[in-house]
Amino acid sequence: MALWLDGHSWYRCDARGNKPGIHCEFTPGRENLAFAVQAPGECLYAEVWAEPWPELVVRTRALASIADYRAAPLDVAPPAPAAAAIRHIGA
C-alpha cells in the first residue's frame, strides 16, 4: 500500500506490521517493507497505481491456490502509463 505524506511524497508501507522475525515499522522517508525482493526477476516498481493492474487481477483470480502461484509466479508487466493512474515514489 502507498500513501501520500506531506514533506515526504509517496511512501510505500506494509500493512502487515511487525511480528516475530519481521520488522516493518512505519518509517516515513525510509521504505521499510516486510519482505525483501529476493526471487530471480522479482522487482519493486517506482510507481504507485491507483487501481490494480487489470491483467494481474485476471491472472490472480484464475489461480486455484497459492501453491499454484508458488509453482509458477505470475510474470505481468505494468499497463501502459496513464498520467492520472500512477504516481512515482519519491516524486
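Using the Kirkwood formula over every pair of different C-alpha atoms, what hydrodynamic radius in Å results for the chain?
Numbers: mean 1/r = 0.0660 Å⁻¹.
Computed over the chain, the radius equals 15.2 Å.
Which far-off residues, 5 or more places away or on another chain, put their amide H under 5 Å from the one on Cys24, with H placed in the peptide plane?
Close amide H contacts, sequence-distant or interchain: Asn18, Lys19.
Quick one: net charge of Glu25's neighbours, Cβ under 14 Å, K/R +1, D/E -1?
+2
Does the range 24-68 come out rounded, prolate or oblate by the C-alpha gyration tensor, with a ≥ b ≥ c the root eigenvalues, rounded set by a/c under 1.5 and, if not, prolate when a/b is larger than b/c and oblate if not?
Prolate.
May I ask you to derive the relative contact order of the range 1-42, considering only C-alpha pairs under 8 Å and at least 6 residues apart, and to give it as an integer percent?
30
Around Leu56, what is the net charge, scoring Lys/Arg as +1 and Asp/Glu as -1 over all other residues with Cβ under 15 Å from its Cβ?
-4
Find out how many positive minus negative residues lie around Cys43, taking Lys and Arg as positive, Asp and Glu as negative, among other residues whose Cβ is under 15 Å from that of Cys43.
Around Cys43, the surrounding residues sum to -3.
Could you tell me which of Ala34, Pro54, Ile66 has its Cα farthest along the dipole of the range 14-67 towards the positive end, charges placed at Cβ (Lys, Arg +1; Asp, Glu -1), taken about the Cα centre?
Sorting the options by dipole projection puts first Ile66.
Roughly how big is the chain's charge dipole about its Cα centre, with Cβ charges of +1 (Lys, Arg) and -1 (Asp, Glu), in debye to the nearest 20? Could you put the intermediate results ahead of the total?
Numbers: 8 positive and 10 negative charges, 38 e Å.
Here the chain has a charge dipole of around 180 debye.
Per-residue HN-Hα couplings for the range 10-26, Karplus 6.51 cos²θ - 1.76 cosθ + 1.60 at θ = phi - 60°, whole Hz, x for Gly and Pro?
Couplings: 6, 9, 7, 9, 10, 6, 6, x, 6, 7, x, x, 10, 10, 9, 5, 6 Hz.
Here, each number is a calculation from the coordinates, and none is a lab measurement. Quick caveat: nothing in here was measured; it's all calculated off a predicted structure. Don't worry about glycine lacking a Cβ; one is built from the backbone with ideal geometry, like all the others, and counts go over all protein chains shown.
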